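Engineer: Take a look at the following structure, please.
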Amino acid sequence: MAYFTLARKVDPKYKTNLLILIMTTTLLLVRGLLTANWGGSVSFSVGFFLSWALAREIDPLHEKSAFVAAFIYLTLGMWLVGINLGLVFWTVLLLRGISRITGKTPTAIDLLSILGLGIYLILGQENGIYGLVFTLAMVLGYRRFAKAFIFKVFIGLGVLISLWGISTYAVSLREGVFGIDSLPLILLLPGLIIGIFYGRMLQKDQGIRDDLGNLMESKYVLLSYIFYLVTYVLLILATDLEQGTLGLLFAVILGVSLYRVWLMISNKK
């Protein structure tokens, strides 16, 4: 019987999970009381949690790197506004579907849910790029799961959704993205360079375990990370997402990378 497998339980009995829950709740209350803008505080605090969750997806071997990413998001969030939480959550689910970090093979319900959210993003953002992102994820999933038939079906659906999205809304280059003082360009180049550095470190990881305690091959986490980095570039170049969303995605790359640098330095000592 098919069921949803992409959810990951945040067990408060686990020390790091309890810590992020406390930090997120505290951030929500403090920001809400200081600004009296509870809607914005909820969005900002959920973004804080999702930056931690994204980092856990692309660096499952090191729990502390996710907190580094969350604190960088917190710092950048003082200047960057506007977060598309639906997009960030969608990205988390796509990463899980590719890496199989939950320990379970994605089901038709999983992929239909992701497809539905992708269609919602196409309609809400009026941009066909999300169909292409979904299709790319299905192609990588097809490779990850030994050419499973279900991914072949959803590759076909992804192509159809992409054609519909592009013909209806098109995909256009972000206006002014290559300007000297363009924030997207400032985020793109360092993010890409730092991201490539992190990818080289990630492929050396050993001992990664999924949520069921089974050992994973690092190449599958690397595969999902490559998807993340490509998606990061596509979203900067071909969407009009607000700065807060791009800043969150950049914070995750920078956070996990800085933690690797710290590990390298500390090991030398």
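Computed from the coordinates by the stated procedures, all read-outs in this text should not be read as laboratory data. Computed from a prediction, not measured in an experiment: that's the story for all the values here. Please note: Cβ atoms are built from the backbone with ideal geometry, for glycine as well, and neighbour counts cover all protein chains shown.
Engineer: With a sphere of radius 13 Å drawn around the Cβ of ASP240, what net charge do the other residues whose Cβ falls strictly inside it have (Lys, Arg +1; Asp, Glu -1)?
Structural biologist: Summing Lys and Arg as +1 and Asp and Glu as -1 gives -2.
Engineer: Gain in length, PHE197 to PHE89, computed as 0.36 nm per residue apart minus the alpha-carbon separation, to one decimal in nm?
Structural biologist: Numbers: separation 108, 0.36 × 108 = 38.88 nm, distance 2.48 nm.
Result for the pair: 36.4 nm of gain on full extension.
Engineer: Also, quick follow-up: Quick one: 3J(HN,Hα) in Hz for region 188-197, Karplus 6.51/-1.76/1.60 with θ = phi - 60°, rounded, Gly and Pro as x.
Structural biologist: 5, 5, x, x, 5, 5, 5, x, 5, 4
Engineer: Mind scanning LYS13/LYS64; LYS147/LYS204; LYS64/LYS204; LYS152/LYS204; LYS104/LYS204 and naming the pairs with a C-alpha gap bigger than 20 Å?
Structural biologist: Working: LYS13/LYS64 17 Å; LYS147/LYS204 25 Å; LYS64/LYS204 18 Å; LYS152/LYS204 30 Å; LYS104/LYS204 24 Å.
Among LYS13/LYS64; LYS147/LYS204; LYS64/LYS204; LYS152/LYS204; LYS104/LYS204, the Cα-Cα distance tops 20 Å for LYS147/LYS204; LYS152/LYS204; LYS104/LYS204.
Engineer: If you take the charge dipole of the chain about its Cα centre, with +1 on Lys and Arg Cβ and -1 on Asp and Glu Cβ, which of ASN214, SER172, LEU160 is farthest toward its positive end?
Structural biologist: ASN214
Engineer: Taking θ = phi - 60°, what integer Hz values does the Karplus form 6.51 cos²θ - 1.76 cosθ + 1.60 yield along region 3-14, in sequence order, with x for Gly and Pro?
Structural biologist: Working through the residues one at a time gives 8, 7, 10, 8, 6, 10, 6, 9, 6, x, 6, 8 Hz.
Engineer: Provide the FRET efficiency to the nearest 0.05 for the ALA7-VAL42 pair, computing r from the beta carbons and using R0 = 25 Å. Walk me through the numbers on the way to the answer.
Structural biologist: Details: r = 21 Å, r/R0 = 0.82.
Plugging the Cβ-Cβ distance into 1/(1 + (r/R0)^6) gives 0.75.
Engineer: Treat the count of other C-beta atoms within 10 Å as a stand-in for reagent exposure and order SER162, SER43 from fewest to most. Before the final figure, lay out each step's value.
Structural biologist: Values: SER162 22, SER43 18.
Ordered by Cβ neighbours within 10 Å, fewest first: SER43, SER162.
Engineer: Quick one: which residues, 5 or more positions from ARG209 or on another chain, have an amide H under 5 Å from its amide H? H modelled 1.01 Å from N in the peptide plane, none for Pro or chain starts.
Structural biologist: The answer is MET216.
Engineer: Rounded to the nearest 500, what is the 222 nm mean residue ellipticity of the chain from helices alone, with -39500 (n - 2.57) per DSSP H run of 4+ residues and division by all residues? Please list the in-between numbers first.
Structural biologist: Details: 10 runs with 192 residues, N = 269.
Computed ellipticity for the chain at 222 nm equals -24500 deg cm²/dmol.
Engineer: Please say if the chain is rounded, prolate or oblate, where rounded means a/c under 1.5 for a ≥ b ≥ c the square roots of the C-alpha gyration tensor eigenvalues, and otherwise the choice is prolate for a/b larger than b/c and oblate otherwise?
Structural biologist: On the way: a/c = 1.34, a/b = 1.08, b/c = 1.25.
Rounded, because the longest to shortest axis ratio a/c is under 1.5.
Engineer: Quick one: go through region 121-151 and flag any residue whose amide nitrogen is under 17 Å from the point 7 Å out along the Cα-to-Cβ line of ALA108.
Structural biologist: Zone members listed by number: 148-151.
Engineer: When a/c reaches 1.5 or more, the comparison of a/b and b/c decides; with that in mind, is region 1-111 rounded, prolate or oblate per its Cα gyration tensor?
Structural biologist: Details: a/c = 2.01, a/b = 1.70, b/c = 1.18.
Prolate, because a/c is 1.5 or more and a/b exceeds b/c.
Engineer: Which listed residue (GLN203, LEU235, GLY255) has the Cα farthest towards the positive end of the charge dipole for region 137-269, taking +1 on Lys and Arg C-beta and -1 on Asp and Glu C-beta about the Cα centre?
Structural biologist: GLN203
Engineer: Using only Cα atoms, figure out Rg for region 175-266 and give it as a multiple of 2.2 N^0.38 Å.
Structural biologist: Details: Rg = 15.0 Å, N = 92, 2.2 N^0.38 = 12.3 Å.
My calculation over the Cα atoms of region 175-266 gives 1.22.
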